[in-house]
Amino acid sequence: MSTCRQVAARMVAPGKGVLAADESIGTMSARLTTAGVEPTPENRRAYREMLAATPGLADGVSGIIFCDETLHQRFADGRPFADAVRALGILPGIKVDAGAKACPGLPGEKITEGLDGLVERLAGYAELGAAFAKWRAVITITDELPTAAGIRANAHALARYAAACQEAGIVPIVEPEVLMDGTHSLRRCAEVTARVHAAVVAELAALSVDPAGIVLKPNMVIEGADHPERSAPEQVAEATVDVLSALPTDLAGVAFLSGGQPPERATANLAAMQVHRTPWPVTFSFGRALVDPALAAWAGDPARVADGQAALAERVAANAAAVRRRAELQPA
Ligand code: 13P
């Protein structure tokens, strides 16, 4: 089995998911400021070490996604982040996209940048110990959007990235995120997500990306944040699994983003997915739904590291328990 297949299988191993702690410097700084913490490189480092060093984290977390800054930083004891988390039994990952920018020619739509020089950067990240990577494409829903051209451009970039990762021996997390922003219905999210997945699958195949050596990180199929109603977990799960049923059966696994859902809702939706039979594991790769409570509890105070870690451990345990339901509900 190829290295990518082995690593991808480990990322979605039973009862485990991926922790997304890869906010860009700008996003992380804004979140620290909101939490009352000065947004310095040292505070961003201390925050990521607090998360990664959570006792027992490897019980529910197979990998942590970092950003470039963190991968060049060290734990307080001097070990580089990648080495320190590997020693804890956790795979280090790296966000390699350069962010979603306004797409020329497509008003209101975004294209994720970062392909130029990617092959060289991936070689550098492999040297630093990265086992996997992440690239996030964002798709906005309005009455008119997304356009077919916007979907195609983003799907193509995801495939270029994924092919480059596999050639570098790094597992690509392929993240086409249909945003929750807006008033759209769950049905409309389902329709758009299905179109996006179809385009991504076609572009991946065109560049000979091995599905068994990637982890797909989709949005759940869910109504817009400003929609007047809230779907029940069973409705979200059914609609999501229905859309995902068009994916290749040999995909290593699916690991959802949380997309701004409250932590408990994301967990309940993930738990409800496990009732459905899928050819691949369905787990979490949450950012905010895992780390928001931890950031609030830590608040930059060295005396409250244990509080932040307890808050993260609680969310990880809840999500790991949710995905462990699969083994109970669907004995092999
Ligand atoms: P959220 O779970 O906060 O959506 O973040 C996941 C992620 O990695 C976004 O790129």
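Beta bridges assigned by DSSP with both partners in the chain are antiparallel in approximately 15 percent of cases.
So what's the back-of-envelope 222 nm ellipticity for the chain, counting only DSSP H runs of four-plus at -39500 (n - 2.57) apiece and dividing by all residues, rounded to 500?
Working: 12 runs with 153 residues, N = 332.
Using -39500 (n - 2.57) per qualifying helix, the result is -14500 deg cm²/dmol.
When every alpha-carbon pair in the chain is counted, what percent end up more than 35 Å apart? Walk me through the intermediate numbers first.
Numbers: 8012 of 54946 pairs.
Beyond 35 Å sits 15 percent of the P(r) for the chain.
Rounded, prolate or oblate: which fits the stretch 174-249 when a ≥ b ≥ c are the square roots of the eigenvalues of the alpha-carbon gyration tensor, with rounded for a/c under 1.5 and prolate only if a/b beats b/c? Walk me through the numbers on the way to the answer.
Working: a/c = 2.69, a/b = 2.07, b/c = 1.30.
Note, shape of the stretch 174-249 comes out prolate.
Comparing mean-square fluctuations of Gly117, Gly287, Gly63 from a GNM of the chain with C-alpha springs under 10 Å, the top value falls on Gly117.
Express in % the proportion of alpha carbon pairs of the stretch 259-332 at distances exceeding 21 Å. Before the final figure, lay out each step's value.
Details: 917 of 2701 pairs.
Counting every Cα pair in the stretch 259-332, those more than 21 Å apart make up 34 percent.
Note on the chain: GNM, Cα springs under 10 Å; of Glu120, Glu314, Glu38, the largest mean-square fluctuation is that of Glu120.
If you stretched the chain out fully between Thr34 and Ala296, how much longer would it get, using 0.36 nm times the residue separation minus the C-alpha to C-alpha distance? Can you show the working numbers first?
Working: separation 262, 0.36 × 262 = 94.32 nm, distance 0.95 nm.
Taking 0.36 nm per residue and subtracting the Cα distance, the gain is 93.4 nm.
Highest mean packing comes first when the peptides 243-254, 85-96, 167-178 are listed by Cβ atoms within 10 Å, giving 167-178, 85-96, 243-254. Assigning unit charges at the beta carbon (Lys, Arg +1; Asp, Glu -1) and nothing else, what dipole magnitude in debye, to the nearest 20, does the chain show about its Cα centre? Charge dipole, the chain, about its Cα centre: 560 debye, nearest 20. Helix screen, the chain: DSSP H segments with Cα axial length of 24 Å or more and mean Kyte-Doolittle hydropathy at least -0.5 are 148-167, 186-206, 305-329. Annotation for the stretch 1-56: GluC sites (Glu not before Pro) lying in DSSP loop with at most 11 further Cβ atoms inside 10 Å of their Cβ do not exist.
Tally Lys/Arg at +1 and Asp/Glu at -1 over every other residue whose Cβ is under 12 Å from the Cβ of Ala313; what's the total?
Numbers: positive: Arg315; negative: Asp59, Asp307, Glu314.
With Lys, Arg at +1 and Asp, Glu at -1, the neighbours total -2.
Take the alpha carbon gyration tensor of the stretch 32-172, find the square roots of its eigenvalues, order them as a ≥ b ≥ c, and report rounded if a/c is under 1.5; if not, report prolate when a/b exceeds b/c, else oblate. Since a/c reaches 1.5 and a/b is larger than b/c, the shape of the stretch 32-172 is classed as prolate. For the stretch 63-172, the antiparallel share of DSSP beta bridges with both residues in that region comes to about 30%. Sorted ascending by nearby beta carbons within 10 Å, beginning with the fewest, His156, His276 become His276, His156. Computed across the stretch 125-226, the Kirkwood radius stands at 14.0 Å (inverse of mean 1/r, all Cα pairs).
Does the stretch 247-290 come out rounded, prolate or oblate by the C-alpha gyration tensor, with a ≥ b ≥ c the root eigenvalues, rounded set by a/c under 1.5 and, if not, prolate when a/b is larger than b/c and oblate if not? Show your work: numbers first, answer last.
On the way: a/c = 3.33, a/b = 1.74, b/c = 1.92.
Because a/c hits 1.5 or more and a/b fails to exceed b/c, the stretch 247-290 counts as oblate.
Less than 5 angstrom separates the built amide H of Val61 from those of Gly17, all sequence-distant by 5 or more or on a different chain.
Every number here is computed from the coordinates shown, using simple stated rules; none is lab data. Worth saying up front: this structure is predicted, and the values here are computed from it rather than measured. With ideal geometry, Cβ positions are generated from the backbone for all residues, glycine too; neighbour counts draw on all protein chains shown.
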